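Notes to accompany the following structure.
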Amino acid sequence: MSDNIGKLILRVMMGGMLLFHGIAKALHGTAAIEGMLKVYHIPEILVYGVYLGEILAPIFLILGWKSRFWAGVIVLNMATAVYLTKMGTLMKLGAYGGWAPELPMLYLLGALAVVFLGSGKYAIEPSR
């Protein structure tokens, strides 16, 4: 039982916190991300992946529907975020002593844990 509660907490924490980032992008736009994509010569249409990875995936992760798949989407989304914004700081400390890319890596590794653990018993589609 405690394993399933832990999986629920992980899913709700990951999805709930990441959803705020997606909502902010929905309200304020993705111009900065489009600019980064342009710098790396990545098609700008891929900016819409932000909405998939930071709004849709977190909602389904919280609900526990196809959690492994949606957590995988978040892993890809966060790997892209690290690549676009944090590659130069991978081995540096942030201003307050934390690891510079710690926030996107927290989401990436937390989502990766869900990929391996599944949703648990308390989900729309429980994992085995």
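The values are calculated or read from the model by the stated rules, or taken from the named source; none is laboratory data. Note that the structure is predicted; figures quoted are calculated from it, not measured. So basically every Cβ, Gly included, is an ideal-geometry build from the backbone, and we count neighbours across all protein chains shown.
Okay, here's what the table says:
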read-out: Cβ-Cβ under 8 Å pairs, at least 6 apart or on other chains, region 1-26 side surrounded by 13 or more Cβ atoms within 10 Å (Cβ to Cβ), far side hydrophobic (A, V, I, L, M, F, W, C) and at pLDDT below 95; value: G22/V50; K25/I33; K25/V50
read-out: Residues satisfying the stated conditions in region 52-69, i.e. without any contact (Cβ under 8 Å) to a residue 40 or more places away in the chain, surrounded by fewer than 16 Cβ atoms within 10 Å (Cβ to Cβ) and not aliphatic (A, V, I, L, M); value: F69
